[in-house]
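Structure first, then comments.
The values are calculated or read from the model by the stated rules, or taken from the named source; none is laboratory data. Because the structure is predicted, anything quoted here is derived from the model rather than measured. Because the Cβ atoms are built from the backbone with ideal geometry, glycine has one as well, and the counts that use them run over all protein chains shown.
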Amino acid sequence: MVMFKAAFVREWRLLARQKADWLNPLMFFLIVLTLFPLGIGAKPNLLAEIAPGIIWIAALLSVLLGAERLFKDDFRQGVLEQLVAAEQPLLAYVLAKIVSSWCSTALPLLLMSPLIALLLGLDSAAWLAVLLTLLLGTPLLNLLAALGAALTLSADKGGILLALLILPLYIPLLIFASAAVDQASLGLDYSGQLAVLSAMLCLALALVPLAVLKALKLNVG
Amino acid sequence: MFKWLDPYAKPETLYRICGLWFPWLMTAAVATLLLGTVWGLAFTPADYQQGDSYRIIHIHVPSAIWSMGAYSSMAIAALIALVWQVKAAQWAVGAIAPIGAVFTVIALFTGAAWGKPMWGTWWVWDARLTSELILLFLYLGVIALSGAFADRQTGAKASALLAIVGVVNLPIIHFSVEWWNTLHQGATITKFAKPSIDASMLWPLLISILAFGLWLAALTCLRLKTAILQNEQHRPWVRQLAASAVKGE
């Protein structure tokens, strides 16, 4: 717990000093969102229909964009090595990393979601569904992104490889989340999809940090 | 049990075992493959609805089954590699991955070729097809990750970890036809009840499934042998082997 708090506070200080790290993925998210209406044509009906897919694809791309730097600096500067050598509880460090990365990349997306709904012409029911699926789904994005970042930590061409490894694992999430928003915009019940998303989140929350831990130790050697 | 199994994990012993098994496995695989496909493609009766085009199941079903079978064997090897630090199991992960990927491609391709005349489309985004496609991506990810590190050892371990994570996809593929309303049909022969396929078509299919399994095992032996030689190239026994091979010529 002490370790978690220390790592968390350190992470926030770093984020406050390197604003580009979390601001750039957010700007990327907004720009990707504006590309779709311009590329596909801004007919309101069409936009509302494809909005769930657009929002989710933009969200997972922006999480992926910020993922590579998650452990990179700590690895390069030897912080990770010190943590392993000092036999500190590395799991607390991993959890602090994941939680703070969620706060810095996904939480702003949640806060921006009314604006996004407005831009893409979603009604309030669909917006609520977007909000709920983002709330349940984005921690999963961050968890898996952390796994990808940890696996490719010492790889030669980590960036593109990270995307190749993690995007396939995002597919089930994308399917259920956009199905939920689709249902909501048709005025149907979408609690089933939310239940599946929660189940996936619980499973990932229990297992992924352990896999991240293993991958980090592997790369530090 | 580990006392009994442990000597077989020694690279030198494993190399000899693979060399010993490979010819038998390959002969059996070629024989059953010929028997199963020739019987299935030429001598079984045509389907009353689909005519002759159903015959592709004699290739499609075995490759699809073993695309998943290869993944589970790879994941088991990966688990052994990470938990008990058995190096030979690490190399087995790298040996199986490309074979599994090719089986997956065969399953996807034959499915598409059958889907065009039967469903009227090469591809639909149904759960079975999509999850099989994800399986292909997982295989490619494992292959890409194992080659991405300057240190071969780290690459092998990292790809083993990824292989274990990807196991979540296997039950999704298997149950996709039950959990969702898919265009892809349900299981025909894996249920406990009487199979919903006539015996005249079932037997060649079962032989083909056996053949693809043997083929997978044979190719794995061959690739594992190469992997052992590559990874152990500085060891005396490999040098001796190479020296005697040169002398023999």
For B:T130, which of the numbered conditions (1) hydroxyl-bearing (S, T, Y); (2) more than 8 Å from chain A (Cβ to nearest Cβ); (3) within 17 Å of B:T104 (Cα to Cα) fails to hold? (2)
Of (1) surrounded by fewer than 22 Cβ atoms within 10 Å (Cβ to Cβ); (2) within 26 Å of A:L47 (Cα to Cα), A:L203 satisfies every one except (2)
Based on this model, can you work out whether A:L167 counts as at pLDDT below 90, assigned to a helix (DSSP H, G or I), crowded, with 20+ Cβ neighbours inside 10 Å and within 9 Å of another protein chain (Cβ to nearest Cβ)? no
So, first residue in contact (Cβ under 8 Å) with a residue 12 or more places away in the chain and crowded, with 21+ Cβ neighbours inside 10 Å in the range B:134-151, second residue assigned to a loop (DSSP other than H, G, I, E, B) and not β-branched (V, I, T), Cβ within less than 9 Å, six or more apart or across chains; the pairs are B:L145/A:A155
Could you identify the single residue in B:A9, B:A42 that is out of contact with any Cys (no Cβ under 7 Å at 6 or more places or on another chain) and surrounded by 13 or more Cβ atoms within 10 Å (Cβ to Cβ)? B:A9
Quick test of your reading of the structure: A:L120 fulfils all but one of (1) under 26 Å from A:A51 (Cα atoms); (2) more than 9 Å from every other protein chain (Cβ to nearest Cβ); (3) surrounded by fewer than 19 Cβ atoms within 10 Å (Cβ to Cβ). Name the failing condition by number. (3)
Output yes when any residue across the range B:129-147 is charged (D, E, K, R) and in a loop (DSSP other than H, G, I, E, B), and no when none is. no
A:L134 in contact with a Ser or Thr (Cβ under 8 Å, 6 or more places away or on another chain), away from chain B (no Cβ under 12 Å), in a helix (DSSP H, G or I) and hydrophobic (A, V, I, L, M, F, W, C): yes
Considering only the range A:174-190, I want to know if a residue exists there that is buried (at least 20 other Cβ atoms within 10 Å of the Cβ), touching a residue at least 12 places away in the same chain (Cβ under 8 Å), within 14 Å of chain B (Cβ to nearest Cβ) and of a type in the set (S, T, N, Q). yes
Given the options A:L110, A:L80, name the one that is more than 30 Å from B:A160 (Cα to Cα), of a type outside the set (V, I, T), touching a helix residue (DSSP H, G or I) at 6+ places or on another chain (Cβ under 7 Å) and assigned to a helix (DSSP H, G or I). A:L110
So, in the range A:149-161, of the ones that are assigned to a helix (DSSP H, G or I) and surrounded by fewer than 24 Cβ atoms within 10 Å (Cβ to Cβ), which residue ends up nearest to the other protein chains (Cβ to nearest Cβ)? A:L161
Extreme residue, surrounded by the fewest Cβ atoms within 10 Å (Cβ to Cβ), among residues of the range B:195-225 that are among the hydroxyl-bearing types (S, T, Y) and in contact (Cβ under 8 Å) with a residue 24 or more places away in the chain: B:S200
Can you find a residue in the range A:205-214 that is more than 10 Å from chain B (Cβ to nearest Cβ) and farther than 20 Å from B:K157 by Cβ? yes
Here are B:W123, B:W91: which of them is part of a helix (DSSP H, G or I) and either touching a Lys or Arg at 6+ places or on another chain (Cβ under 9 Å) or of a type in the set (A, V, I, L, M, F, W, C) (or both)? B:W91
In the range B:154-166, what count of residues is obtained for those that are more than 7 Å from chain A (Cβ to nearest Cβ), over 15 Å from B:S73 (Cβ atoms) and touching a residue at least 40 places away in the same chain (Cβ under 8 Å)? 1
Filter result for the condition that a residue is under 22 Å from A:G159 (Cβ atoms) and either part of a helix (DSSP H, G or I) or within 19 Å of the chain's Cα centre (by Cα) (or both), over A:A96, A:A58: A:A58
